Amino acid sequence: MLIQKLLAVAEMGGRYVLYVLVALSVISIGIILERWLYFRSRRIDPRALGRALIAELDQGDLEGARSLLRSQRSVEARVLDDALALYDRGHAAVAEVLANGVREHRGEFEPGLLFLGTLGNNAPFIGLFGTVLGIVTAFRQLGATSAAAMNNVMGSIAEALVATAVGILVALPAVVAYNVFQKKTLDLEENVATIGSRILAHMKGVAPGERG
């Protein structure tokens, strides 16, 4: 009795797995486009920004440096602005903010990355699940058909294998995008560290050029 119910579910399941994969693909593409636009609109030149900040600080214009950062949309600028807010409290306070500031802003640049990573890892298995359900249905048909209907059964098996192909197709862009955006988050952290080291060097009274 239970087996018959499971077989009935299998007959419907293969088709619905494809619908699920298509829906996940649409969501994935939406996240990829949104994240791409987000990072593209917030790109910075860390060297140029670092030089501009040090030039303001060399003139003793802390507010000018912070205004420069507030004019930027990047996460790096927000972290650096948070650090400069504690400029008068000394080197240790600024260093603490620089060390932990990116972590505090992760909610701004990591939305959707978990979904992409999960989809990239599991979409092939979802497709494989659809293929298994389709093959189970095909073999059930095989037991109930004559030799003349073999072509229909083989066609059903071929259709079932499409689910695996679709699963891989959905996973590939998700994996690529996840890796690209992860690299961008690492670049973001590196930019903060690079500019932050120049600010800390300035606070110690060391010329920026002497810090390598």
Seminar exercise, completed: Just one listed residue, out of 77, 85, is without any contact (Cβ under 8 Å) to a residue 60 or more places away in the chain and closer than 24 Å to residue 40 by Cβ, and it is 77
Seminar exercise, completed: Matching residues in the range 71-93 (of a type in the set (Lys, Arg) and either in a loop (DSSP other than H, G, I, E, B) or under 25 Å from residue 186 (Cβ atoms) (or both)) number 2
Exercise. Quick check: is even one residue across the range 43-61 surrounded by fewer than 12 Cβ atoms within 10 Å (Cβ to Cβ), modelled with pLDDT of 85 or more and polar (S, T, N, Q)?
Worked result: no
For this session: Would you please list the contacts, defined by Cβ atoms under 9 Å and residues six or more apart or on different chains, that run from a residue in the range 167-190 that is within 20 Å of residue 20 (Cβ to Cβ) and touching a residue at least 40 places away in the same chain (Cβ under 8 Å) to a residue that is surrounded by fewer than 18 Cβ atoms within 10 Å (Cβ to Cβ) and of a type in the set (Gly, Ala, Ser)?
Result: 174/117; 175/117; 178/117
For this session: Go through the range 16-38 and give me each residue that's surrounded by fewer than 18 Cβ atoms within 10 Å (Cβ to Cβ) and within 14 Å of the chain's Cα centre (by Cα).
Result: 27, 29, 30, 33, 34, 36, 37, 38
For this session: State all residues of the range 1-42 that are part of a helix (DSSP H, G or I), polar (S, T, N, Q) and either at pLDDT below 85 or under 30 Å from residue 65 (Cα atoms) (or both); if no residue qualifies, say none.
Result: 4
Problem set entry | Test: residue in the range 137-153 that is at pLDDT 80 or above, of a type in the set (S, T, N, Q) and assigned to a helix (DSSP H, G or I) | no
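For residues that are more than 30 Å from residue 159 (Cα to Cα), surrounded by 13 or more Cβ atoms within 10 Å (Cβ to Cβ) and not aromatic (Phe, Trp, Tyr), tally how many sit in the range 109-137. Steps first, please.
To start, the set of residues in the range 109-137 that are more than 30 Å from residue 159 (Cα to Cα) comprises 109-114.
Retained after the next criterion (residues that are surrounded by 13 or more Cβ atoms within 10 Å (Cβ to Cβ)): 109-113.
Those still in the list that are not aromatic (Phe, Trp, Tyr) too: 110-113.
Going through the range 109-137 one residue at a time, the tally reaches 4.
The values are calculated or read from the model by the stated rules, or taken from the named source; none is laboratory data. Quick caveat: nothing in here was measured; it's all calculated off a predicted structure. Backbone-built Cβ (ideal geometry, glycine too); neighbour counts: all protein chains shown.
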